[in-house]
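Following: one structure in structure tokens, then a few remarks.
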Amino acid sequence: MKVSTFEQGIAQGRAFVSARFEWEDSDRPVKTIVIRTDAAFAAELDADPNAFLVAGYLPALRHGERRLRIDGAVCPSLAGSLARAARILAFWGGRPGRDLAIEPASGFRAPRARPGAGDGGLLSGGIDSSHLFLSHASDFPEGHPLSLASAFYMEGTDFAEEAESPAAAAYSARVRQRLEAMLAGTATRLVPVWTNVRALDPDTDFYARELLSASFVAGILALSSRISHLKIASGADAAHLGRWGSHPLIDPCFSTGALRVSHVGLRFSRGEKIARLSAWPAAVENLVVCNYRPVEPWVNCGVCEKCVATMLELTAFGLMGENRSFPFPEVLPERIDRIRDVIGVGHVWRNIRAALARAGRDDLTPSIDALLRRTARRNLARRILRPFRP
Amino acid sequence: MRISNIRRVASRGAVRVVADVFWEDTARPPREIWFEVGEDRAEGFAPAGEAFLPVCLPLALRQGERRIRVEGRVCPGLRDGAGAAARLLGSWYGAKHEEIAIEAEDGFSAEPREGEGIAASFLTGGVDSTFTLLANHRAFEEGHPQRIREAILVSGLFASEADSPDLAAEFDGRVRRSASAVAASAGIPLTIVRTNARELEPGFDFFARELHGALLASVAHLLAGRISSARIAATTTIRHLVPSGTHPLLDPLWSSSRVEIAHDGFGLTRVEKTAALASWPETLENLMVCQAGPVPDGYFNCGRCEKCVRTLLCFLAAGALDRARSFRRREVSPRIVLRGRFDSEVANQWRPLRKAFCRRGLRALSAAIALKLIRSRLDPPRRVESPETYGARTNRP
């Protein structure tokens with residue numbers, strides 16, 4: 001893979017950097033990968049080769065490239081840790097590990113954090129990232145050097161090939177409104193970052209299991225004059241970590257000499273985070289948890305597994321009444337019955353069931369029991385059929 | 001558990017930070033826990049309640065204490081990390097209580113650092129920690145904030161596993177000489193720290209599986225007056241990762257807003273690390289991996305114990321056996337491999353060697369290792385705790 005032709009400028013009112021990705025050993029089309037942000041942050045945007053290295057490394061490995069040649073200098077520490085991340089992901093995926101030679105045209109050089117660069121976190125509007133900002137706000141008051149000055153909202157990564165569609169843009173605008181409302185009255189600034197890094201490989205499974213945090217960090221690295229420490233909220237507590245593309249073993253591998261990347265929030269379970277979020281009504285009222293793209297004016301569909309799970313959790317903690325993020329004011333048992341099965345996080349549903357039982361919502365628990373039984377049956381069938389899959 | 005009366009005591013050329021540990025739910029007498037450095041390295045070595053949180057938390061968890069209360073203030077980042085560490089350790093080994101309460105007498109707040117701290121790394125003079133130092137100095141040029149500018153050796157940690165006090169002293173002296181020489185080769189000072197922390201819960205098993213990284217993190221937090229990060233060298237790869245006291249998931253959880261604790265070099269095999277070290281000749285003179293002993297003057301390694309043979313094979317795989325000059329004997333052969341013994345605890349460290357020799361066409365060595373790996377599976381698993389399986393006696397061929 002060759003990464004070259006870095007460009008930087010302002011187009012349609014937004015600042016951008018871009019690079020050309022050309023495959024050498026794989027028969028895939030040339031792509032221009034773009035990272036964009038609001039024009040207000042143009043001075044902090046930089047066509048950093050490290051950003052494009054992080055964007056291209058895992059797709060290049062996946063498609064059999066033997067090297068990644070990139071214009072400019074790259075961080076030697078990043079080059080080493082990318083190889084380690086790739087080994088971990090290969091092991092999790094049951095593949096033999098393979099190394100990819102990184103060939104920077106200007107050699108290896110560790111960048112330094114810019115003076116004034118501060119701490120920031122990813123904010124999607126979901127439970128985990130909202131809890132990250134809540135706990136930081138209470139632990140590090142405004143003006144503290146460790147308070148989160150920037151909340152990065154990643155656009156374009158959820159919908160791969162549709163990243164540039166008007167529908168995706170309209171959805172992003174709605175989410176931004178919610179996030180702005182969440183942060184209103186705080187000193188944290190919302191920094192939207194749009195990128196099409198998934199154009200290199202739009203496969204959803206690859207994105208979730210391998211590319212997830214790499215796609216985020218690639219975008220943030222282009223803004224590394226604004227940030228020196230990026231915090232990514234964990235989706236699970238320390239005892240229930242899954243093998244996903246964002247993980248405490250993976251995320252720090254995308255650190256450079258100028259940007260430290262941490263995977264944080266391993267202390268609390270999802271239910272505990274929701275209970276704590278009751279201290280931040282603006283976050284509860286503006287939650288964005290849906291993995292789909294609901295119709296206007298909603299940001300959550302209210303029917304997918306994640307939406308239903310979140311609504312039930314809010315119900316269990318008495319927070320559903322305050323919520324205007326979902327199209328429905330409450331969850332009926334039929335909505336749970338329509339979920340086919342749970343995606344590998346059964347303990348989350350068991351915790352939801354326990355919380356609902358504690359809250360006296362016995363009308364909902366039989367449907368959850370049935371869902372868990374359905375999931376157990378499907379998981380068994382999957383295990384039996386796995387050896388016969390191509 | 002309560003940790004209180006934290007104080008700094010200076011005497012006879014050394015400075016000690018001491019705390020009193022009181023058990024609340026366990027019928028155990030109060031104990032003093034202390035960490036000590038030489039007077040010349042005591043700048044920035046200061047009493048801090050939060051520094052005792054990492055080292056005491058695994059002890060409190062093991063004994064089923066319901067809370068751990070620390071004198072002074074605690075960084076909220078460390079509080080959350082310690083809470084996550086308790087969850088992780090509980091998921092690995094089971095816990096008597098669902099949760100342990102973490103309390104600080106002066107509350108939870110983060111003091112901003114005045115000025116920049118320096119990057120530090122724990123160093124024993126062995127393959128892993130020396131590689132961490134080498135890789136860091138290659139990645140970060142002089143003056144870069146992430147370049148390691150101080151090495152830390154926690155001395156005497158394994159004294160209770162030695163066969164005799166004389167052997168313990170010999171081993172400790174060798175580690176000190178090795179680490180000092182490696183640090184000097186890298187042009188950085190070495191801070192030697194002593195502690196009695198292991199006496200609170202004797203037994204190598206507990207130390208290896210739960211305490212190791214936490215104890216090192218406590219040392220780093222006591223040095224927060226001058227260091228901003230401390231690296232703990234990894235010893236394994238993802239393929240062979242098992243729950244352990246120093247672990248890539250666990251170690252970073254002991255970080256505070258002032259001191260970042262990093263688990264460094266995870267994912268590389270010992271063969272790869274040795275190959276990298278082979279290009280740093282001044283270090284090879286002082287590399288020390290041997291836990292047997294005594295070793296005659298002029299050498300750091302006996303060259304005959306399991307760890308020595310394994311490391312020599314790594315040098316052979318890297319094509320640098322002639323450069324392993326700190327080993328008294330440098331002979332490796334299929335016969336030596338077959339004669340030695342190792343159990344399933346270290347079998348994972350041998351697997352990459354078998355592959356490396358297979359790739360290099362050294363089939364006899366590869367076959368000998370394969371045979372040993374099969375035999376290690378047949379051996380009944382042994383607990384690390386027993387002196388039969390660790391320390392000077394065990395590692396003899």
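The values are calculated or read from the model by the stated rules, or taken from the named source; none is laboratory data. Keep in mind the model is a prediction, meaning the values are calculated, not measured. Cβ: placed from backbone, ideal geometry, glycine included. Neighbour counts: every protein chain shown.
Residues in segment B:81-102 that are crowded, with 18+ Cβ neighbours inside 10 Å and either in a strand (DSSP E or B) or in the same structural domain as B:Asp205 (by TED's automatic domain parsing) (or both): B:Ile102 alone.
For segment A:167-179, state whether one or more residues are surrounded by fewer than 20 Cβ atoms within 10 Å (Cβ to Cβ), in contact with a helix residue (DSSP H, G or I) (Cβ under 8 Å, 6 or more places away or on another chain) and under 17 Å from A:Ser246 (Cα atoms). Taking every residue of segment A:167-179 in turn, none turns out to be surrounded by fewer than 20 Cβ atoms within 10 Å (Cβ to Cβ), in contact with a helix residue (DSSP H, G or I) (Cβ under 8 Å, 6 or more places away or on another chain) and under 17 Å from A:Ser246 (Cα atoms). The single condition from (1) surrounded by fewer than 18 Cβ atoms within 10 Å (Cβ to Cβ); (2) in contact with a Ser or Thr (Cβ under 8 Å, 6 or more places away or on another chain); (3) under 14 Å from B:Ser178 (Cβ atoms) that B:Gly298 fails is (2).
Conditions (1) away from chain B (no Cβ under 13 Å); (2) touching a Pro at 6+ places or on another chain (Cβ under 6 Å); (3) farther than 21 Å from A:Leu45 by Cβ, marked per residue:
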| residue | (1), (2), (3) |
| --- | --- |
| A:Arg209 | yes, no, yes |
| A:Ala214 | yes, no, no |
| A:Val217 | yes, no, no |
| A:Ser225 | yes, no, no |
| A:Leu230 | yes, no, no |
| A:Asp237 | no, no, yes |
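Taking segment A:2-53 as the range and being under 20 Å from A:Asp201 (Cα atoms), more than 25 Å from the chain's Cα centre (by Cα) and not in a strand (DSSP E or B) as the test, the residues that pass are A:Trp23, A:Glu24, A:Asp25, A:Ser26, A:Asp27, A:Arg28, A:Pro29, A:Val30.
For segment B:352-373, the tally of residues that are more than 21 Å from B:Thr237 (Cα to Cα) and in a helix (DSSP H, G or I) stands at 7. Scanning segment A:335-353 for residues that are farther than 26 Å from A:Val175 by Cβ and in contact (Cβ under 8 Å) with a residue 24 or more places away in the chain yields A:Asp337, A:Arg340, A:Asp341, A:Gly346, A:His347, A:Asn351. Any chance you could count how many residues in segment A:244-285 are within 13 Å of chain B (Cβ to nearest Cβ) and part of a loop (DSSP other than H, G, I, E, B)? Residues that pass the stated criteria total 14. Within segment B:336-351, not a single residue is in contact with a Gly (Cβ under 8 Å, 6 or more places away or on another chain), closer than 26 Å to B:Gly156 by Cβ, modelled with pLDDT under 90 and not charged (D, E, K, R).
For segment A:189-207, taking the residues that are part of a helix (DSSP H, G or I) and in contact (Cβ under 8 Å) with a residue 40 or more places away in the chain, the one that is farthest from the other protein chains (Cβ to nearest Cβ) is identified as A:Ala199. In this entry, B:Ala120 passes the filter for residues that are away from every other protein chain (no Cβ under 14 Å), of a type in the set (Gly, Ala, Ser), in contact with a Leu (Cβ under 9 Å, 6 or more places away or on another chain) and part of a strand (DSSP E or B).
The conditions of being crowded, with 20+ Cβ neighbours inside 10 Å, touching a helix residue (DSSP H, G or I) at 6+ places or on another chain (Cβ under 6 Å) and not assigned by TED's automatic domain parsing to the domain that holds A:Val175 are not met by A:Leu223. Of the candidates A:Ser246, A:Ser278, A:Ser262, A:Ser255, the single residue that is in contact (Cβ under 8 Å) with a residue 12 or more places away in the chain and surrounded by fewer than 18 Cβ atoms within 10 Å (Cβ to Cβ) is A:Ser278. For the residues B:Ala135, B:Ala184, B:Ala169, the requirement of being part of a helix (DSSP H, G or I), surrounded by 18 or more Cβ atoms within 10 Å (Cβ to Cβ), over 17 Å from the mean Cα position of the chain (by Cα) and hydrophobic (A, V, I, L, M, F, W, C) singles out B:Ala135.
Name the one entry in A:Gly116, A:Gly97, A:Gly143 that is within 11 Å of chain B (Cβ to nearest Cβ), surrounded by fewer than 20 Cβ atoms within 10 Å (Cβ to Cβ), assigned to a loop (DSSP other than H, G, I, E, B) and at positive phi. After applying the criteria, what remains is A:Gly143.
Only residues that are within 14 Å of chain A (Cβ to nearest Cβ) and assigned to a strand (DSSP E or B) were counted in segment B:44-80, giving 1. Give the residues of segment B:125-166 that are of a type in the set (Gly, Ala, Ser), more than 14 Å from chain A (Cβ to nearest Cβ) and under 17 Å from B:Arg231 (Cβ atoms), sorted by residue number. Result: B:Gly125, B:Gly126, B:Ser129, B:Ala151. On the basis of being within 14 Å of chain B (Cβ to nearest Cβ), under 20 Å from the mean Cα position of the chain (by Cα) and either modelled with pLDDT under 95 or closer than 28 Å to B:Pro145 by Cβ (or both), does A:Leu82 make the cut? Against the criterion (within 14 Å of chain B (Cβ to nearest Cβ), under 20 Å from the mean Cα position of the chain (by Cα) and either modelled with pLDDT under 95 or closer than 28 Å to B:Pro145 by Cβ (or both)), A:Leu82 qualifies.
Look at (1) in a strand (DSSP E or B); (2) farther than 22 Å from B:Leu134 by Cβ; (3) basic (Lys, Arg) and you find that B:Arg198 fails only one, number (1).
Screening the candidates B:Glu282, B:Glu201, B:Glu260 for the property of being within 14 Å of chain A (Cβ to nearest Cβ) and either out of contact with any Leu (no Cβ under 6 Å at 6 or more places or on another chain) or surrounded by fewer than 24 Cβ atoms within 10 Å (Cβ to Cβ) (or both) yields one hit, B:Glu260. Residues considered: A:Ser150, A:Ser124, A:Ser130. Of these, the only one that is among the small types (Gly, Ala, Ser), assigned to a loop (DSSP other than H, G, I, E, B) and more than 12 Å from every other protein chain (Cβ to nearest Cβ) is A:Ser124. Among the residues making up segment B:244-257, those that are more than 10 Å from every other protein chain (Cβ to nearest Cβ) and small (Gly, Ala, Ser) are B:Ser244, B:Gly245, B:Ser256. Sub-8 Å Cβ pairs linking a first residue in segment A:131-152 that is touching a residue at least 60 places away in the same chain (Cβ under 8 Å) and within 24 Å of A:Ser215 (Cα to Cα) to a second residue that is in a helix (DSSP H, G or I) and of a type outside the set (A, V, I, L, M, F, W, C), at least 6 apart or interchain, are A:His131/A:Lys273; A:His131/A:Arg276; A:Leu148/A:His136; A:Phe152/A:Gly219, ordered by first then second residue. Between A:Gly360, A:Gly321, the distinction of being out of contact with any Gly (no Cβ under 7 Å at 6 or more places or on another chain), without any contact (Cβ under 8 Å) to a residue 12 or more places away in the chain and in a loop (DSSP other than H, G, I, E, B) belongs to A:Gly360 only. Within segment A:29-57, being crowded, with 18+ Cβ neighbours inside 10 Å and among the charged types (D, E, K, R) holds for A:Lys31, A:Arg36, A:Glu44, A:Asp46, A:Asp48. The one condition from (1) closer than 25 Å to B:Asp251 by Cβ; (2) over 13 Å from the mean Cα position of the chain (by Cα) that A:Phe216 does not meet is (2).
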